[in-house]
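The values are calculated or read from the model by the stated rules, or taken from the named source; none is laboratory data. These figures come from a predicted structure and were not determined experimentally. Virtual Cβ from ideal backbone geometry, glycine too; neighbours counted across all protein chains shown. For the accessible areas, the whole protein counts, side chains as well, though only heavy atoms, and no ligand, DNA or RNA atoms are used. Shrake-Rupley method; radii C 1.70, N 1.55, O 1.52, S 1.80 Å.
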Amino acid sequence: MKNKIIAGNWKMNKNQEQTIAFINDLKPLVKDTKNTVIICTPYLDLEQAVCLTAGTNIHVGAQNCHWAESGAFTGEVAPSMLKEIGVEYVIIGHSERRQYFGETNKTVNARTKAALEAGLKPIVCIGETLQERESGKMEEVLASQIKEGFEGIDEEQLRRTIVAYEPVWAIGTGVTATNKQANDAIAFCRKQFVELYGNDEAQKLYIQYGGSMNASNASGLLLQSEIDGGLIGGASLDAEKFATVVNAHKN
Ligand code: PEP
């Protein structure tokens, strides 16, 4: 089994002072893990986070980036700007961005390509709504999110990409997918990557689960054969709880 990649998505939470306190608390708690630890902070906390985590095993990610290198895109941030300040990862296509900011598979694809071209490692989010799951459309939705979201992305780029399967009904709701639901959905996603990139690449690809993963349910989820890590929202805001998730799986 692979070591896991555990990423915290802070969303629009924590100012600079809270960022400093969080990182100082987290450092000793995760220093011995073999899992990869990532914190995805608001843009304004990124530079601070990069400085404070230098020389540690904590990596820093943003929560979005634009697809253009520069230009008339008021309020947006280019991937190269993130790269320049030492950011390594970037979440793309989170369901909140799809829901509130008009993100589509096409824009997810454009942002992912731009992030890769700038040398960032994208964490590409996919997942079905409750209505899609209940009406039997889950597989169709996931398949098109993968096919359209990864169009034109080559094997080398895939190796620098993480996928997060996040059923929308489980995000921020306290309703976690069961271990089996999460494992089965990720197995289905992996099958799509087998078709697009072949078995070797698909097996190497990291596919995380996200959706109300926390200190109590993380070890069960991370024991599943298809689940290569977690994207954690609410439970990533408290250093001790987040560290418990990070340390929940040991190979
Ligand atoms: C998320 O925002 O990606 C997420 C999984 O949130 P939560 O853990 O709070 O459900």
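For the reader, a short list of remarks on this structure follows.
- With N as its number of residues, the stretch 5-229 has a Cα radius of gyration that, divided by 2.2 N^0.38 Å, comes to 0.98.
- Gained length - Glu155 relative to Gln16, 0.36 nm times residue gap less alpha-carbon distance: 46.3 nm
- For the stretch 24-87, accessible area per residue (1.4 Å probe, heavy atoms of protein chains only), Å²: 50 Å²
- Helices in the chain, meaning DSSP H runs of at least 4 residues, each add -39500 (n - 2.57). Divided by all residues, the mean residue ellipticity at 222 nm is -12500 deg cm²/dmol.
- Highest average packing first - 107-115, 10-18, Cβ atoms within 10 Å: 107-115, 10-18
- Residues whose amide H lies under 5 Å from that of Thr36, counting only those 5 or more places away or on a different chain, are Lys4, Ile5, Ile6; hydrogens are built 1.01 Å from N in the peptide plane.
- The charge dipole of the stretch 5-229, taken about the Cα centre with unit charges on the Cβ atoms of Lys, Arg (+1) and Asp, Glu (-1), comes to about 340 debye, rounded to the nearest 20.
- Accessible-area order (highest first, 1.4 angstrom probe) of the listed residues His59, His94: His59, His94
- Amide hydrogen neighbours beyond the local backbone of Ala164, cut-off 5 Å, H modeled: Val124, Cys125, Ile126, Gln208
- When a 1.4 Å probe is rolled over the protein heavy atoms, the share of accessible surface on the stretch 99-237 that falls to carbon and sulfur comes to 49 percent.
- Solvent-free Debye calculation, one equal scatterer per alpha-carbon of the stretch 135-186: log10 I(q)/I(0) at 0.25 Å⁻¹ equals -1.09.
- Here the stretch 74-191 is assigned +1 on the Cβ of each Lys and Arg and -1 on the Cβ of each Asp and Glu. Its dipole about the Cα centre then comes out at about 140 debye.
- Per residue, the accessible area of the stretch 102-251 comes to 42 Å², computed with a 1.4 Å probe over protein heavy atoms only.
- Anchor Lys241: aspartates and glutamates whose Cα lies under 18 Å away (excluding residues fewer than 8 positions away in-chain): Asp25, Asp32
- Taken about its Cα centre, the stretch 102-251 carries a charge dipole of roughly 280 debye when the Cβ of each Lys and Arg holds +1 and the Cβ of each Asp and Glu holds -1.
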